[in-house]
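Working notes, beginning with the structure itself.
The values are calculated or read from the model by the stated rules, or taken from the named source; none is laboratory data. All figures in this text were calculated on a predicted structure; none of them were measured in a lab. Because the Cβ atoms are built from the backbone with ideal geometry, glycine has one as well, and the counts that use them run over all protein chains shown.
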Amino acid sequence: MTSNTLAISERPVFPFTAIVGQEEMKLALALNVIDPKIGGVIIMGDRGTGKSTTIRAITDILPEMEVIENDPFNSHPTDYDLMSEDVRRSIESGNSVEVTKKKVSMIDLPLGATEDRVCGTIDIEKALTEGVKAFEPGLLAKANRGILYVDEVNLLDDHLVDILLDSAASGWNTVEREGISIRHPARFVLVGSGNPEEGELRPQLLDRFGMHSEIRTVRDPELRVQIVEQRSEFDKNPQACLAQYQDQQQEFRDRIIKAQDLLSETSLSYELRVKISQVCGELDVDGLRGDIVTNRAARAYAAYMGHTEVTVDDIKTIIKMCLRHRLRKDPLESIDSGDKVEKVFEDIFGDLLD
């Protein structure tokens, strides 16, 4: 099976293209898959709105990736930034490596996970007695080149959230113990979800997520009935449901592959970059992360739409998701942060809008 062919997985997963009513969340996930350097997405919303289902569904639909066989870090066969140091040394020494294909991993991070479970552990005794670096990989190693999903991220220990965000930003995980240090690639799309009623994430952590998707329970009765019926049909006969959406699933996968290839050719004009920074300045966004993420997301969206020149409409579509979680909260303010971003965007880009 080639990486461009859609296969029905052994364990049926609800089809991504069948999910309705949560378009913003689906788009944020798709853009992060096209360009993982956007920095992940935090999905905040009501319970029972399909957050976990959607994340599993997009992982299931992604094209297979080439990896070094039997490598615990999913090392890339040719990209040094995505391969472990052992594999890189082996390749530099002229050794040949076996390459195989595997599905993109989605790693669930349990709330009770310890730092050792997340980062991996070094067997000191083995290192001292046998003189070898005995490393037991953690969840960050398994998530390399995949998706790391943290449900209820707002309930996770802040120290662990820091570790995840640092690894996601740098693309590397370093484990140090008793003077022994091991480093491995850990480039993944970090997806966090949570319910605001159970506590907010600290602003300095929230800011580290590239995009923010806000989801609400669908209120339209007809759409609710459609969602319930779809789920019932899938539970009754998963294979028939997957076969029904096979063409749409394949079309979406092809679109993602094409966008990933097109991304390097997309460009964002100087005039539009200045206006994006004007919006960030006007909204009093701290630091430059908002500017960088908006530029990246706009280019990823342009590639997703199949064109190489970013337009004002591209920016309009993604800017709320990139900036609303970076605004300083004023408890006396009644205006929604997304509406505030939209208003400032229209003021600054007004002369360029249709």
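Structure data summary
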item: In segment 133-157, the residues that are of a type in the set (A, V, I, L, M) and touching a helix residue (DSSP H, G or I) at 6+ places or on another chain (Cβ under 6 Å); result: Ala134, Leu139, Leu140, Ile147
item: First in segment 190-209 and under 20 Å from Lys37 (Cβ atoms), second anywhere and aromatic (Phe, Trp, Tyr) and buried (at least 19 other Cβ atoms within 10 Å of the Cβ), Cβ under 8 Å, 6 or more apart; result: Leu190/Phe209; Val191/Tyr149; Gly192/Tyr149; Gly192/Phe209
item: Number of positions in segment 48-80 that are in a helix (DSSP H, G or I) and closer than 27 Å to Leu27 by Cβ; result: 11
item: Subset of segment 96-108 [in contact with a Lys or Arg (Cβ under 9 Å, 6 or more places away or on another chain) and assigned to a loop (DSSP other than H, G, I, E, B)]; result: Val104, Ser105
item: Test for Ile91: is it assigned to a strand (DSSP E or B) and either buried (at least 16 other Cβ atoms within 10 Å of the Cβ) or basic (Lys, Arg) (or both); result: no
item: Selection within segment 172-228 - more than 28 Å from Leu140 (Cβ to Cβ) and part of a loop (DSSP other than H, G, I, E, B); result: Arg216, Thr217, Val218, Arg219, Asp220
item: Selected residue (only one of Ile215, Ile182, Ile227 is of a type in the set (A, V, I, L, M) and under 25 Å from Asp79 (Cβ atoms)); result: Ile182
item: Whichever residue in segment 164-199 is more than 16 Å from the chain's Cα centre (by Cα) and β-branched (Val, Ile, Thr) and, among such residues, is farthest from Leu29 (Cα to Cα); result: Ile180
item: Segment 263-306, residues that are in a loop (DSSP other than H, G, I, E, B) and either in contact (Cβ under 8 Å) with a residue 12 or more places away in the chain or among the β-branched types (Val, Ile, Thr) (or both); result: Thr266, Leu268, Ser269, Leu283, Asp284, Val285, Asp286, Gly287, Gly306
item: Residue within segment 151-171 that is touching a His at 6+ places or on another chain (Cβ under 9 Å) and in a loop (DSSP other than H, G, I, E, B) present; result: no
item: Asp313 vs. criteria out of contact with any Leu (no Cβ under 9 Å at 6 or more places or on another chain) and not hydroxyl-bearing (Ser, Thr, Tyr); result: no
item: Test: residue in segment 121-135 that is modelled with pLDDT under 90, touching a strand residue (DSSP E or B) at 6+ places or on another chain (Cβ under 9 Å) and polar (S, T, N, Q); result: yes
item: Selected residue (only one of Ser193, Ser181, Ser213 is out of contact with any Phe, Trp or Tyr (no Cβ under 6 Å at 6 or more places or on another chain) and modelled with pLDDT of 90 or more); result: Ser213
item: Ser75 being surrounded by fewer than 22 Cβ atoms within 10 Å (Cβ to Cβ), within 30 Å of Arg183 (Cβ to Cβ), of a type in the set (Gly, Ala, Ser) and not assigned by TED's automatic domain parsing to the domain that holds Glu152; result: no
item: Whichever residue in segment 15-26 is touching a strand residue (DSSP E or B) at 6+ places or on another chain (Cβ under 8 Å) and surrounded by fewer than 24 Cβ atoms within 10 Å (Cβ to Cβ) and, among such residues, is farthest from Arg299 (Cα to Cα); result: Gln22
item: Residues that are surrounded by 14 or more Cβ atoms within 10 Å (Cβ to Cβ) and either outside any helix (DSSP H, G or I) or of a type in the set (A, V, I, L, M, F, W, C) (or both), drawn from segment 229-240; result: Phe234
item: Selection count where residues are closer than 21 Å to Ile43 by Cα and without any contact (Cβ under 8 Å) to a residue 60 or more places away in the chain, scope segment 221-236; result: 1
item: Conditions (1) within 17 Å of Arg208 (Cα to Cα); (2) at pLDDT 95 or above; number of the one not met by Arg289; result: (2)
